[in-house]
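Some notes on the structure that comes next.
The values are calculated or read from the model by the stated rules, or taken from the named source; none is laboratory data. All values reported here derive from a predicted model rather than from experimental measurement. Reconstructed Cβ throughout: ideal geometry from the backbone, glycine too, with neighbour counts over all protein chains shown. Note: areas computed on protein heavy atoms with side chains; ligands, DNA, RNA excluded. Shrake-Rupley method; radii C 1.70, N 1.55, O 1.52, S 1.80 Å.
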Number of protein chains: 2
Amino acid sequence: MIEIRLISENEFKRVRAATIDKYKRLALLADMCCANALATVKRAGSGHLGSSFSSLDIVTYLYHFEMNIAELGVDHPDRDIYFSSKGHDVPGHYAVLHSLGLLSEERFQHLRRLEGTHGHPDVSIPGIEANSGSLGMGISKAKGMALAKKLSGAKGRVIVMTGDGELQEGQIWESLQTAAYQKANNLIAIVDFNKIQTDKAVKEIIDLGDLARKFEVFGWHAQTCNGHDFADLEKAFTRLKQVNDRPKVLIADTIKGKGVSFMEGPRALQDGNGLYPWHSGAPDDATFEAGYSEIVHRINARLEELDLAPLDTRVMATREKNRVSLKATAEKVVSAYGEALVKIGAHRKDIVVLDADLSADCGLRPFEKAYPDRFIENGIAEQDMVSTAGGLALHGFLPIVNSFGVFLASRANEQIYNNATEKTKIIYVCHYAGLIPAGPGKSHQSLRDISLFGALPNCTIIEPCNGAETEQALQWCVNHAEQNCMLRLIISPSPRNIALPDDYRFTFGRGAVVNEGRDAILFSYGPVMINEALTAAEFLQPKGISLKIINLPWLNKVDLDWLEEVSGNCEFLFSLDNHSGYGGLGDLLLNGLMSSPALRARRLKKYAVDEFPACGTPQETLGYHKLDGRSLAKRIAGEINKA
Amino acid sequence: MIEIRLISENEFKRVRAATIDKYKRLALLADMCCANALATVKRAGSGHLGSSFSSLDIVTYLYHFEMNIAELGVDHPDRDIYFSSKGHDVPGHYAVLHSLGLLSEERFQHLRRLEGTHGHPDVSIPGIEANSGSLGMGISKAKGMALAKKLSGAKGRVIVMTGDGELQEGQIWESLQTAAYQKANNLIAIVDFNKIQTDKAVKEIIDLGDLARKFEVFGWHAQTCNGHDFADLEKAFTRLKQVNDRPKVLIADTIKGKGVSFMEGPRALQDGNGLYPWHSGAPDDATFEAGYSEIVHRINARLEELDLAPLDTRVMATREKNRVSLKATAEKVVSAYGEALVKIGAHRKDIVVLDADLSADCGLRPFEKAYPDRFIENGIAEQDMVSTAGGLALHGFLPIVNSFGVFLASRANEQIYNNATEKTKIIYVCHYAGLIPAGPGKSHQSLRDISLFGALPNCTIIEPCNGAETEQALQWCVNHAEQNCMLRLIISPSPRNIALPDDYRFTFGRGAVVNEGRDAILFSYGPVMINEALTAAEFLQPKGISLKIINLPWLNKVDLDWLEEVSGNCEFLFSLDNHSGYGGLGDLLLNGLMSSPALRARRLKKYAVDEFPACGTPQETLGYHKLDGRSLAKRIAGEINKA
């Protein structure tokens, strides 16, 4: 068994009350938060450690020293505001909120759970001032708060943390120009300058150049400091207070993964041959224990030096050691995609693959290594990436553009539209499609992407349900599609391997039966929802309801003849979307039924994610939305019995 | 009668062949293009003169002196590429393409017409290299072309023109960072630094600061020149050729409206009390004649000085003088909106209005003047504007965010989503909704905005059909809505004043009959489509078909009881969207019918804009899409007769 331990609020009270040097206190508190952040991420099984750790000394300094929040409370109009624009550093932020008693211990320890805290900041959590997690929005939003304070006459500063890679986002530069012009002098940005993006050095993705000069030329007061030196932080903030005619930035020199020796940027990059492994994800058991004990030893050494009693921790969770996770054995459609990409790229020399700093997550590393000349790493600049693809397409190349769906379909939406009006062909791959994994939360779960591409008159949208279909889909997009394609892929391991009929051929507008049945038909797509559909069928069978399940990977085109044939005389049709109910497969089928005199009067019930996606484990989240197999079975049976 | 005259290609040939000083030749050619651009805009009745004129000397210089296009042709892989990122300067660009015979005279003279040229650049037009018109994308796309040239080994430079106000767009700064890092040294950006945005000086909207330093700190080689001095342009390009290790920018000092004395920036700003009147729109007859004769006199003086025969022009079109246009007398919903905003703003002190440099077009001037403290001019930075609104909303204000729908819904889509997840309330106003006016083309016509907001679970979408309903809609959004609202408004004068029943009350999810009928029901919304619907009813009446028309301003919520009541036993239901068929009113009704056992088997036929919107006059564009009253009547009769 391994134990995951928590440092309770009382321990923080003890340290806060102790008569010790102020900087030593801050160092102690920061280390204690560091341990707690690590523990909650380990318990959650995912989370962002590297960036939580690089920013933690600063966040500790702000809450325990600089800001008036502890004094005024989180609702006072004159409070200083702090939030993180990058947002993935939130495990560290939660730890600090907990250390002050602003966030309850019960909620704090359940990171990325339905009843706990979200994987990225959410204003429903006490002390969280803004939702973030998609990059580049924070300075703009902080500016809105700063202007609001001026309009209402409220006191207090607005302090927003950004990443360094995040500065590749264009919105940052919009906000710098306007904040300076609009004289938001109560606004402070802090750059957590840790020099590593998702898994590579910033300077190997898109170098930022001279950051201080950039801010200055955009009309900001810029200052640098050591983000792990509390005296230097105090000095920096003292100097910032003397500048009152413009917005201010503090570029804090930090170390990604700071506090756990083997997670610290330079060493970890070296150990990883240029790849930083601790941006996201929980460490395995041995690594966790090594890291945790390193922090606790340091805390105890500090306590001893200060003549304070050693640290008291309590067990928050225990678990069997070295559990084999699903990840190790399950199929991943994104891996199938990455392999297919290399295979196709070998003979299609016109293919250029574009990435926005998510190469590994999007399965692109094999292509990146095999054809470095035809791989464009564009940094966290989705709009620029998409328009760059537009230029390549106009000049005869076939660009394959990758990012998470929630970013690509949304952030670069107008650029995608502009490209589409040129009637070239581009393949957009929306990774991390749908509800699962639900731990990262709303900023990452993509449930609007079909609707964001849907009104383009020249784009075909596809989501495959297994590895083989993924390769077929990509082949179709590359070799057969005459227009733009949007390929939607889930990012997590498939919950089961979906078996397609032996004679299945990937055919435009047509799907395949993956479970035979007589009483009702459920149309769905993708590994996550087909799995729940199959589970629903298993629950329905003993109730005497035989559910036919159809995999229909075409999400905006359906072959009416096929639809009529496959629907037969069945009275009860259902659709299951891994997407909002607006604009997904359900609406496609509604339109199909209306277009067919034979099917017009048929009843179709749509199941989909009809609220903002919840944050939690896959099963609790599917359950929350009543889209897990058991709930679906109940809902389907209800519809049939009601009729 | 007034005559609109054209300078034919032969006259350009004559000047090109003459043995005269190269700079004087360029000045002549530029003036001749200037006259032609003015003439085509006058004939079209709309277009952008100010920016066509500020950039025209540069474009003339590029095509007639610097680039190899005239020599290699528009399809050669080694050709130099030129396009404009801002795109609204395209009347000038067309004039230059025509001057070289690259664009046929027949097509050139029909600006903004179905069989002519588009209001913003479109690659279907010979010599146009990229679609633009929405700002900020050009450097990215040019970078894609530049990288394509490197990948394929093609020669030639890629030259892209941007505006100065355009540099407020964040994507510009993304593209500057990546282009420098990716070493796109075959890429040249030219900034048409004319110092005026839509109708105000750039420095009064969002000042740009030291542009050259900004480009330099982003890793570019920056150079300045006089954009109206051909010798200086030649010198600048000679120097640019010596820099080969990075992308390059030429900041060309220009005068907006250059070439027509009263349109020239500084004077025109003064005459307009700080407002520049010549950004877009055609001049009236007297102004046109004054401007045109000024240019022709200058050309003839130049010709005489060079011992060349005077200019030969031919009549391209004639028209009655001082025609009264619809604009003068018709109702404008955007004006009703602007007035309502002031009225409501008087007692709702929490309202803050945000604008992205379209204040006059969006009807915001009255509010801007009445409550300057609660009006935020954010420049051309939609993403930043929306996130700023998010910050204001979190701190108790009610932001009303304005831009053209095609920009707001698309460019700022992820920011809108992020705000929505915070569950604050914001009102987004998507101006210039729908197909009409169709002259500006696809970059401006908004036919996807409903679909781009549709999957937000907490947003109500409304389009009113007349001035009174516009005020009621805004009142509802401000005073009754509990969630976000999206208000869609057309920008052109209403083609007729739509009469709503005397007892009409704006009620959630419900509409009103605007034309009684028995045989079929057509659901629609907004002044443009309700007008066509009424026309269709007029055409159908003599054919014995009585068409009931229902105005349903609620585009994503419908009251089922009302729908059942209003549908009665009618067998033929139709929907008419001023939007793509994907995700509009038609899909709302399809979902409504399916949810009602009484209506499930009813047939609904959707009419909508199912392709990219065409560019032309309102009637020819509506006709092209078969959405004019006459076509609708034919289609509806066809459906009824077929059944």
>> Taking amide H atoms as placed 1.01 Å from N in the peptide plane, list the residues 5 or more away in sequence, or in a different chain, whose amide H sits under 5 Å from that of A:ILE351.
In response: A:LEU398
> What does the helix-only formula give at 222 nm for chain A: each DSSP H stretch with n ≥ 4 adding -39500 (n - 2.57), the total divided by the residues, and the result rounded to the nearest 500 deg cm²/dmol?
Replying inline: -12000 deg cm²/dmol
> Karplus couplings for region B:98-114 from phi (6.51 cos²θ - 1.76 cosθ + 1.60, θ = phi - 60°), rounded to Hz, Gly and Pro as x?
Replying inline: 5, 4, 9, x, 6, 10, 5, 4, 4, 6, 4, 6, 9, 5, 6, 10, 3
> Over region A:36-142, what percent of the accessible surface lies on carbon and sulfur atoms, probe 1.4 Å?
Replying inline: 44
>> Using a 10 Å cut-off around each Cβ of peptide B:370-378, what is the average number of partner chain Cβ atoms that fall inside?
In response: 2
> Can you give the % of DSSP beta bridges in region A:338-452 that are antiparallel, to the nearest 5?
Replying inline: 5
>> Looking at chain A only, what percent of DSSP beta bridges run antiparallel? Nearest 5 please.
In response: 15
> To the nearest 20 debye, what charge dipole does the protein assembly as shown have about its Cα centre, counting +1 at the Cβ of each Lys and Arg and -1 at the Cβ of each Asp and Glu?
Replying inline: 700
>> Whole-Hz ³J(HN,Hα) for each residue in region A:556-573, computed from phi via Karplus 6.51 cos²θ - 1.76 cosθ + 1.60 with θ = phi - 60°, x for glycine and proline: what do you get?
In response: 9, 9, 9, 7, 5, 4, 4, 4, 5, 5, 6, 7, x, 9, 4, 7, 10, 10
>> Kirkwood hydrodynamic radius, region A:517-636, all distinct C-alpha pairs: what's the number in Å?
In response: 14.4
> Which residues, if any, in region A:157-178 have at least 30 Å² less accessible area in the whole protein complex than in the isolated chain, probe 1.4 Å?
Replying inline: A:GLY170, A:GLN171, A:TRP173, A:GLU174, A:GLN177, A:THR178
>> Run the numbers for B:LYS183 and B:VAL74: contour at 0.36 nm per residue of separation, minus the present Cα-Cα distance, in nm.
In response: 36.7 nm
> Tell me, what ³J(HN,Hα) does each residue in region A:349-358 have, in order and in whole Hz, if you take phi through Karplus 6.51 cos²θ - 1.76 cosθ + 1.60 with θ = phi - 60° and put x for Gly and Pro?
Replying inline: 6, 8, 6, 10, 9, 10, 9, 10, 6, 9
>> Under 5 Å between amide hydrogens, which residues at least 5 positions from A:LEU555 or on another chain qualify, with H placed 1.01 Å from N in the peptide plane?
In response: A:ILE461, A:ILE462, A:GLU463
> Given the C-alpha centroids of region B:333-351 and region A:322-372, what is the distance between them in whole angstrom?
Replying inline: 53
>> Need one number: buried accessible surface between chains B and A, 1.4 Å probe, both sides summed, DNA, RNA and ligands left out, in Å² to 100.
In response: 8400
>> Just to confirm the filter: which GluC sites (Glu not before Pro) across region B:464-557 are DSSP coil and have at most 10 other Cβ within 10 angstrom of their Cβ?
In response: B:GLU482, B:GLU516
> About its Cα centre, how strong a charge dipole does chain A have in debye, to the nearest 20, once Lys and Arg get +1 and Asp and Glu get -1 at the Cβ?
Replying inline: 920
> Could you sort A:ILE491, B:ILE139 by accessible area so the largest value comes first, with the probe set to 1.4 Å?
Replying inline: A:ILE491, B:ILE139
> In whole angstrom, how far apart do the alpha carbon centroids of region B:204-280 and region B:64-104 sit?
Replying inline: 20
> What does the charge add up to near A:VAL296, with Lys and Arg as +1, Asp and Glu as -1, over the other residues with Cβ less than 14 Å from its Cβ?
Replying inline: -2
> Between their Cα atoms, which of B:LYS150/B:LYS183; B:LYS24/B:LYS258; B:LYS442/B:LYS634; A:LYS149/A:LYS183; A:LYS442/B:LYS425 are more than 20 Å away from each other?
Replying inline: B:LYS442/B:LYS634
> Out of the DSSP beta bridges found with both residues in the protein assembly as shown, what percent are antiparallel (nearest 5)?
Replying inline: 15
> Around A:SER575, which amide H atoms from residues at least 5 apart in sequence, or from another chain, sit under 5 Å from its own amide H, with H modelled in the peptide plane?
Replying inline: A:PHE523, A:LYS605, A:LYS606, A:TYR607
> Hey, can you rank A:104-112, B:289-297 by average C-beta count inside 10 Å, highest first?
Replying inline: A:104-112, B:289-297
> With point charges of +1 on the Cβ of Lys and Arg and -1 on the Cβ of Asp and Glu, referenced to the Cα centre of region A:85-223, which listed residue (A:ILE172, A:LEU102, A:PHE218) lies farthest in the positive direction of the dipole?
Replying inline: A:PHE218
> Could you give the accessible area per residue of chain A, probe 1.4 Å, as a whole number in Å²?
Replying inline: 32
>> With a 1.4 Å probe and all protein chains kept in place, how do B:LYS425, A:LYS235, A:LYS642, A:LYS332 rank by accessible area, largest first?
In response: A:LYS642, A:LYS235, A:LYS332, B:LYS425
>> Which residue, A:LEU573, A:LEU435, A:HIS88, has the largest displacement toward the positive end of the dipole of chain A when charges sit on each Cβ (Lys, Arg +1; Asp, Glu -1)?
In response: A:LEU573
> Expressed as a whole percent, how much of the Cα-Cα distance distribution for region A:292-377 exceeds 18 Å?
Replying inline: 64
